[in-house]
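For reference, the structure is listed below as structure tokens.
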Amino acid sequence: MAHVDRKAQYELEFADELAELFTGQVPRMAGRMLGLLVITEEPHLSSKELVARLDASPATVSTMGRMLIRLGLAQRTVSPETRRDLFSLADNAWVGVYRDGERYISEVVVAIDRRLDGDDLGDHARAKLREMRNLYAFLWAEIPRLVTRYEEWRSTHGPDAIYQPSDTPGPGVPE
């Protein structure tokens, strides 16, 4: 029994650590839930299991689960036996987040471009918007390339490989 408690404690520590790291991006409980979905050996966790393991209310688990699904980080299925919701890490969750981020970034660039095209901006406001637009336009162009390079690396090295910066020489990477 102590082994199970140690494993559960280890998983909760990671969930709390991930929640801390994701503070500002998602609510703490969503980060904890994501952490459990990432570190568990189980293919999925039921809502009931998440409620118990996170010491959260069913409503909180449901709400945070919907948020993680909307962000492309989790997926939900229904158990045919128990009719309960089952949550798991979404397939290709991390690549998907960046691929979905392209749409958000493009919308920011378009919104800024509409303002920059107008005559209602002063020089200072125009300079701040231009700086923001240039960074987002740069990211919009570069993130898909980086994700594609990552997918190529993963395909070449396999799912068990650990990425090392020397695998893809580039700026700031020693050869």
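The values are calculated or read from the model by the stated rules, or taken from the named source; none is laboratory data. Predicted model only: the values in this text are computed from it and were never measured. Quick reminder, even Gly has a Cβ in these numbers, built from the backbone with ideal geometry, and neighbours come from all protein chains shown. For accessibility, only protein heavy atoms count, side chains too; no ligands or nucleic acids. Shrake-Rupley method; radii C 1.70, N 1.55, O 1.52, S 1.80 Å.
None of 141, 161 is over 30 Å from residue 15 (Cβ atoms) and of a type outside the set (D, E, K, R) except 141.
Scanning the range 75-95 for residues that are open to solvent by less than 40 Å² (accessible area, probe 1.4 Å) and of a type in the set (Ser, Thr, Tyr), we see that the one that is farthest from residue 19 (Cα to Cα) is 79. Please work out if residue 118 is open to solvent by less than 40 Å² (accessible area, probe 1.4 Å) and touching an Asp or Glu at 6+ places or on another chain (Cβ under 8 Å). Answer is no for this residue.
Residues in the range 9-51 that are more than 17 Å from residue 75 (Cα to Cα) and exposed (fewer than 13 other Cβ atoms within 10 Å of the Cβ): 9, 10, 13, 20, 21, 23, 24, 25.
Restricting 72, 65 to residues that are modelled with pLDDT of 95 or more, under 18 Å from the mean Cα position of the chain (by Cα) and open to solvent by less than 40 Å² (accessible area, probe 1.4 Å) narrows the list to 65.
Looking across the range 121-143, the residues that are closer than 22 Å to residue 95 by Cβ, in contact (Cβ under 8 Å) with a residue 24 or more places away in the chain and open to solvent by 40 Å² or more (accessible area, probe 1.4 Å) come down to 136, 139, 140. Out of curiosity, is residue 56 farther than 28 Å from residue 100 by Cα and either of a type outside the set (Ser, Thr, Tyr) or open to solvent by less than 80 Å² (accessible area, probe 1.4 Å) (or both)? So residue 56 fits the description; yes. The number of residues in the range 59-79 that are under 20 Å from residue 11 (Cα atoms), out of contact with any Ser or Thr (no Cβ under 6 Å at 6 or more places or on another chain) and not polar (S, T, N, Q) comes to 5. The sole residue among 107, 102 that is more than 30 Å from residue 5 (Cβ to Cβ), of a type in the set (D, E, K, R), part of a helix (DSSP H, G or I) and open to solvent by 70 Å² or more (accessible area, probe 1.4 Å) is 107. Quick check on the range 144-159. Is at least one of its residues within 30 Å of residue 68 (Cβ to Cβ), open to solvent by 40 Å² or more (accessible area, probe 1.4 Å) and acidic (Asp, Glu)? Yes, the range 144-159 has at least one match.
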